[in-house]
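J.: Sharing a structure here in structure tokens format.
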Amino acid sequence: MVSTYFSYSYITRNLKQSLARVEQQTDVAREEAYYKANIGKVKTVDDFMKDYRLYHYAMKAYGLEDMAYAKAFMKKVLESDLSDPKSFVNKLVDKRYQEFAAAFSFNGGATPVAQTENQIDEMIDLYTATKKSQVDALADDSKYYSAEIGNISSADQLLNNDRLRNYVYSAYGIDESKWPRDTISQVLRSDPSDPNSYVNTTFASQLTGLNAQLAQAKSDASAADLKIADYKAQLSQPGADVTQLNIQILVEKSHLESYTKSISSLGDQITTIGGFVDLAGAFEFSSDGSLPSGVSAQTAANVTITQKRFDDSKAAVYSAASPLNEAFAARQFRTAILKINSVQAFVSTPAVYDFALGAVGLDPKGVSEATVKAVLESDLSDPKSFVYTLKDNRYVELARAFNFDAKGNLTTPLVAQDSAEVVEIAKNYVIAALKQASPQQQAAVRAQATKDATAYQEAIAGIDSVSDLLANRPMVDFILVAKGLDPKKVSTDFLKKIFSSDLNNPKSFANTQSDPRFADIVASFNFDSKGNVARLPMMGPQKRDQFRETQANYLQQSLEQQQGDTNPGVRLALYFQRKAGEITSAYDILADKALSEVFRTTFDLPDSMASMQIDQQAKVVDKFMKIKDLSDPAKVAKLLSRFSAMYDVRNSQSIDQGQSPLLNLFQGSSSGISGISESTFLAIAKLRAH
């Protein structure tokens, strides 16, 4: 029989070819094709479990074939919330179940919402930042006005300076869309103390008549109110002509509405004229628009008055930015957004609509609801969609902040990485960092790694394309470390080729690499063929990376099982190689019978070692093996070459007979190959008890 050392060495040197040969086997190819063709039809856990071939394919992929009969148990696994440490699956000791649950998205991950918790938090932060920015901008405007008004030498010069003109218009209540610049220029040249000046003859002279009209309109409105009250009182009297009284009430309500509009219009006219008169008195321009020699455009007192009027005109901005009002608006938004289930609901809910538009710097009163609807229904992956025709990044920011489809219904968030992927990357980074630390460094390394993981989780939300990602090398390095790769050996140019690969093409650059982890990294992101963030279609209950991982695991399991049929030692070596990257301590090895056997065989330690106290066993493992070396494929290969040779020495007789007592290592272990752990039996017993 061929030795373990030779068989293992040959397979690992030609792993891609070995897996390709397995994939081409008739039964493997048939099951792989069936899974690919039918997993997209699955909508529920029950659908999945009713399809024998799909269910057993997945169970084999994650080393759970012996548990296929326990469907009630496995259903609870699939329906568990992986983010909840108290969920059913997270209480199981055997990690295979968490891996299996993570391979599907039956629960929670893809639920359509108007905004995720992260998006809500980001919108509230954006609202706060925008309000502060607006207040800071007003302070800058006032500072600029103070610095520049002394340099103005004519009315036209003032009006030609956009920033100064806008400041003055705001301070004196002038609507630029209603008043020609020439009119304002003549007002600035007027002397309000001269009855023949432009501001007095054109505007102030109207005040007496307007005030009289206003008084009359108020009187008429009051009379109409009294009549309406009187008619309503008569309705309850015996013998009342109800029809006629209702007609009279409607007539008076119509009159009241007309008087109310007049009051508003007359009030606006009087306020505008008052502003013009104040504007004329606030500047020192002569009738020709120039300034007398040695005279400034405004006195110091008038500069102060103008700035106060400007601040008063922006009272709403200052009020919205106050901590109390910000907190109230954010609280209302946080509550109301949970009830938004469509674009129509969005535009119909002021607590959400006003807050969201304010957060991106848009005035809710200055934007039509139809425009906002079209923006939120735009396809951000299509450069020709409506939102991009507006040429205003605020609308793009608004569209990105919410999750609506082209019909205005809820859809899944548009993110570079799904939250489950982000959590997984962060967790793996912390594990990788701890592997490299000595026992004395563990606490400090864990604290820093956790801090780095938090920074990654925050930064990934701002990634909109492959270019954004690759431009942030610290993020790239974080991902590489989490995947067990050395950032120093991976260039940005190499990663550009990886991310530009078509994962559906087996001959693409990423898929032809000897290390499949690079393709796995690409699959974990939601980038389209152009490198932009997109909502990639799912295959039933699986995302692209989940599907790829399931198929890769199935091939790996098939290879290991087939090799184990001939030589269990090869299966042990292949299994250890696959699990090495997940080992974080000696206890991970000791908790798995197969991994423990590889360790003892490699270093020619007696089986009786397993009867020692667990802490003593851990000390032995740490004495013979550096856990951090298991992150280095070269060192793992060297260790397993030694194991293969030692295995042949230990099992020469059973190898010649084509069988080995080591087969029982794969029963009752958490090896991920087969068998049922004690925690599993306990969980099944509890399930049956119900």
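J.: When all C-alpha to C-alpha distances in the chain are sorted into bins of 10 Å, what percent of pairs does each bin hold, rounded to whole numbers?
T.: Here the calculated profile for the chain is 2, 11, 16, 18, 14, 10, 8, 8, 6, 4, 2, 0, 0.
J.: Which Rg and Dmax, in Å, describe the Cα atoms of segment 419-534?
T.: Rg then Dmax for segment 419-534, in Å: 14.7, 47.
J.: In straight Cα distance, which lysines are under 17 Å from LYS41, not counting same-chain residues fewer than 8 positions off?
T.: LYS50, LYS543
J.: Please report, in debye to the nearest 20, how large the charge dipole of segment 147-320 is about its Cα centre when each Lys and Arg carries +1 at its beta carbon and each Asp and Glu carries -1 there.
T.: That gives segment 147-320 a dipole magnitude of about 280 debye.
J.: Right, here's the next one. Strictly over 25 Å apart at the Cα level, which of LYS131/LYS391; LYS451/LYS638; LYS427/LYS638; LYS71/LYS91; LYS451/LYS628; LYS131/LYS261 would you flag in this model?
T.: LYS451/LYS638; LYS427/LYS638; LYS131/LYS261
J.: Which entries of LYS36/LYS507; LYS43/LYS507; LYS95/LYS626; LYS384/LYS530 have Cα-Cα distances beyond 25 Å here?
T.: LYS43/LYS507
J.: Here is a further query. Which whole-number value in Å³ per residue fits the convex hull of the alpha carbons of segment 294-410?
T.: Given the Cα convex hull of segment 294-410, per-residue volume reads 132 Å³.
J.: Work from the charge dipole of the chain (Cβ charges, +1 for Lys and Arg, -1 for Asp and Glu, about the Cα centre) and give the residue of TYR388, VAL367, PHE404 farthest towards its positive end.
T.: Result: PHE404.
J.: Could you give the distance between the Cα centres of segment 248-307 and segment 9-79, to the whole Å?
T.: Taking the Cα centre of segment 9-79 as reference, the centre of segment 248-307 is 78 Å away.
J.: When ranked by the protection proxy of mean other Cβ atoms within 10 Å per residue, highest first, what sequence do the peptides 612-623, 45-56 form?
T.: Descending packing order for the listed peptides: 45-56, 612-623.
J.: Additional query: How tilted is helix 419-435 with respect to the longest principal axis of the chain? Cα atoms for both, answer in degrees (0 to 90, nearest 10).
T.: Result, in degrees: 50.
J.: Need the list of lysines near LYS339 for cross-linking: C-alpha distance under 20 angstrom, and skip anything on the same chain fewer than eight residues off.
T.: LYS373, LYS407
J.: Does anyone have the angle between helix 242-282 and the longest principal axis of the chain? Alpha-carbon axes, 0 to 90°, nearest 10?
T.: Tilt of helix 242-282: around 90 degrees.
J.: Where does the chain land at 222 nm, in deg cm²/dmol rounded to the nearest 500, when only DSSP H runs of n ≥ 4 count, each adding -39500 (n - 2.57), divided by all residues?
T.: My calculation for the chain gives -19000 deg cm²/dmol from helical runs alone.
J.: While we're looking at this one, here's another question. Within segment 127-193, report the trypsin sites (Lys or Arg not before Pro) that DSSP leaves as loop and that have at most 13 other Cβ atoms within 10 Å.
T.: Those that pass, being in a loop and sparsely packed, are LYS178.
J.: Per residue, how much accessible area does the chain show when a 1.4 Å probe rolls over the protein heavy atoms, in square angstrom?
T.: With all protein chains present, the chain gives 51 Å² per residue.
J.: A further question follows. Using unit Cβ charges (K, R positive; D, E negative) and no other charged atoms, how large, in debye to the nearest 20, is the dipole of segment 1-152 about its Cα centre?
T.: 900
J.: Find, among the trypsin sites (Lys or Arg not before Pro) in segment 329-388, those assigned to loop by DSSP (not H, G, I, E, B) with at most 12 other beta-carbon atoms within 10 angstrom.
T.: Within segment 329-388, the qualifying trypsin sites (Lys or Arg not before Pro) (loop, at most 12 other Cβ atoms within 10 Å) are LYS384.
J.: Continuing with the same structure: For segment 4-140, what are the per-bin percents of Cα-Cα distances with bins 10 Å wide, up to the bin holding the maximum?
T.: Spelled out per bin, shortest first, that is 10, 26, 23, 18, 11, 8, 4, 1.
J.: What does the highest-first list of 597-605, 628-636 look like by mean Cβ count within 10 Å?
T.: Averaged packing, sorted descending, gives the order 597-605, 628-636.
J.: If you fit an axis through the alpha-carbon atoms of helix 614-624 and take the longest principal axis of the Cα set of the chain, what angle between them do you get, 0 to 90°, nearest 10?
T.: Roughly 80 degrees, rounded to the nearest 10.
J.: Using modelled amide H (1.01 Å from N, peptide plane; none on Pro or chain starts), what sits under 5 Å from the amide H of TYR172, excluding residues fewer than 5 places away?
T.: Residues meeting the criterion, in which the H sits 1.01 Å from N, do not exist here.
J.: Compute the FRET efficiency between VAL367 and THR243 as 1/(1 + (r/R0)^6), taking r as their Cβ-Cβ distance and R0 = 56 Å, and round to the nearest 0.05.
T.: After rounding, the FRET efficiency stands at 0.80.
The values are calculated or read from the model by the stated rules, or taken from the named source; none is laboratory data. Small disclaimer: the values here were computed from a predicted structure and weren't measured. Backbone-built Cβ (ideal geometry, glycine too); neighbour counts: all protein chains shown. We work out accessible area using only protein heavy atoms, side chains counted, and drop any ligands, DNA or RNA first. Shrake-Rupley method; radii C 1.70, N 1.55, O 1.52, S 1.80 Å.
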